[in-house]
Each structure stands twice: as structure tokens, then as C-alpha cells.
Amino acid sequence: MLATMNRTALIVNPFASGVTEEGLAAVERELRSTVELTVTLTERPAHATELARGLDGVDSVFAFGGDGLLNEVLNGLGEDAVVGVLPGGRTNVVARALGVPLGPAAAARALVSARPRRISLGRANGRRFAFAAGVGFDAELIRRVDRHGRRSDGRRPGDLVFAWETAKLLTGWRGRREPVLEIEGFGRAAFALVANGYPYSYAGRRPVKVAPEARFELGLDLVAPQRLAPRAIPRFAGYAFRGGTDRADDVLYGHDLDRIDVRCDRPLPLQVDGEDLGDVEAVVFEAERDAVSILAPDAGTLTA
């Protein structure tokens, strides 16, 4: 129970889509009624990692922002950390998967009475990620959306921009992509999706279920279409939203893996938790099992 954790650090991204002065004030009120609270606002990319590394004498760390902020915080924490996720971003994959209420005040109330659960994290060339990483298609899509920049209030583009860029990307591929990378022990693929939890992400309110067996307590899951041909796009899109245990002959799968080695024919985009890490010629995905403790209001499950 968080009630026994008297010293808490709250790291806030003031530019996140769902973070407002009113929301932050409500979160502070809820937490200060239970814990001794220190609040710090990030000022630049990677600042949250620096802040997390510099923490001393705290019992728990709360991240109020989007999935990118949580990713930065996790990359600055050790194995003894207890983390609370306050949704303040556009997608909030981890918070939604853990059953955290989307309202800031309600989320804070839920977390102060939640119990910590041990979860695994993934690593991509050493960079931690909480829920998903990818080489190729999804990373390229994230890069295209990021090129739109932020609005005057610091917010990232919304779901319409993602949908528009997805359509443009598929059109640019002319609906077809041949294998461009090799996954050791599995074979060649057009792109690779690596999941550390379920769901892989969200498209608006709909969960993306490309790796329905992935769990935060386990290793990594792999989903890698060998080719992306016009006739396969509707089937793959349907599978992504429907989930289930169906397996296609033209898709490579792996479940509860400790390591995934990928070699690219040419430099390809890499993303973790929706953050563009640039182009890579090779990437090693590793499962960091039993990595951190996370506050989960839904005590029965860590899945959506």
C-alpha cells in the first residue's frame, strides 16, 4: 500500500496533452493528503531520466504525463523503484492497460491505495521500454507524425494525423513491402513489432491487439509480417484489432522471449514506447525480467 510510502517524487511533463494546471493541482492535493511530496517539472527531452537518476530518499516515483515521460523515468530508475503512472498523454498505453482511471485526480486516488506489482521491462540496444518497440513500419509512422511538430501549447498531433500518415505511408509503399530485415532464429520480415505487455498500443479508444499473449510479467513477444502485400493488409489490420490466437503462415511469431536479434538490410527507424530512436542497422531486444514495481489498481491482472 502506498500509504506506507511517506516520501514520493512526482515528475511532471507540463507539455503533455492531458496535463493542465488544474489537473496538476488536483493530483497534488490527492497525493499530499497521504504522502510527503516533491514535485518537479521536466524542461527538455531526456530531463525526466536525469531527474529519476538524481532521486534520493524517496519511496516511490509518480510520472504525470504521457508514455514518453514514463519511458524516460523508467530509464533512470533502479530495480528497487516503485512507480505510479498518472495518465497525462495522448494515448496512455500503460495507464490504460493497468486499469488506472484517466482523470488525474481519480488516478491519484486509485494509486495511493494500489499495491505494487513486479513487472518486466524490455530493452532495445540498452534503452528500456515499458510496453512496445518496433523496427520499420510503426517506427516510420511515429517519425512522420513527429514531423508535424507540436501545437503552440506544446501538445503532439492527435489521432487524425496518425490516421492520415498511416494512409500516406501505405500509399507510398504502394501497398507492398518486401522483407528488409533478418530476425535471428525466425527468418526474414518486412518489419518487426516487439511487445512487453498487452495491448500493444491504442488507436483512439480501440486497443491494438497484435500480440494478445504478451504480458507485463513475462518476456517479450514478437510479431513480424514476412511481407506486406495489398491483399494481406485488411487481414493484418483485422487481426491487429481483433486479437485472438489465430496464426498466419506469413507472419513470424515469438512468445515470452529473452532476446530477439534483428539485422536490417539498410538503416531502418527504431521506436520504443512511441519514441523515435533514429535509424539502426541492427538491434538487440532483451527482456529485463522482474525489473521494477508498478502500482496497479486492478489487483487481479496487469492486462487490459
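Per residue, the accessible area of segment 55-125 comes to 30 Å² when a 1.4 Å probe rolls over the protein heavy atoms. Modelled label positions at Arg227 and Arg188, each set 7 Å beyond Cα in the direction of Cβ, lie 1.1 nm from each other. Modelled spin labels at Arg118 and Glu21, positioned 7 Å past Cα toward Cβ, are 4.5 nm from each other. With contacts taken as Cα pairs under 8 Å and at least 6 residues apart, segment 40-109 reaches a relative contact order of 28 percent. For segment 64-93, no residue has its backbone nitrogen under 15 Å from a point 7 Å from the Cα of Glu43, taken along Cα to Cβ.
Between Asp249 and Asp59, what FRET efficiency comes out of the Förster formula 1/(1 + (r/R0)^6) with R0 = 41 Å and r the beta carbon distance, rounded to 0.05? Could the numbers behind the result be given before it?
Working: r = 50 Å, r/R0 = 1.23.
So the FRET efficiency works out to roughly 0.25.
Here the accessible area of segment 1-131 is 48 percent carbon and sulfur, with a 1.4 angstrom probe and all protein chains present.
The values are calculated or read from the model by the stated rules, or taken from the named source; none is laboratory data. Everything quoted here is computed from the prediction, not taken from an experiment. In this analysis, Cβ positions are derived from the backbone assuming ideal geometry, glycine residues included, and neighbour counts consider all displayed protein chains. Please note that ligands, DNA and RNA were not included when accessible areas were found on the heavy atoms of the full protein model with its side chains. Shrake-Rupley method; radii C 1.70, N 1.55, O 1.52, S 1.80 Å.
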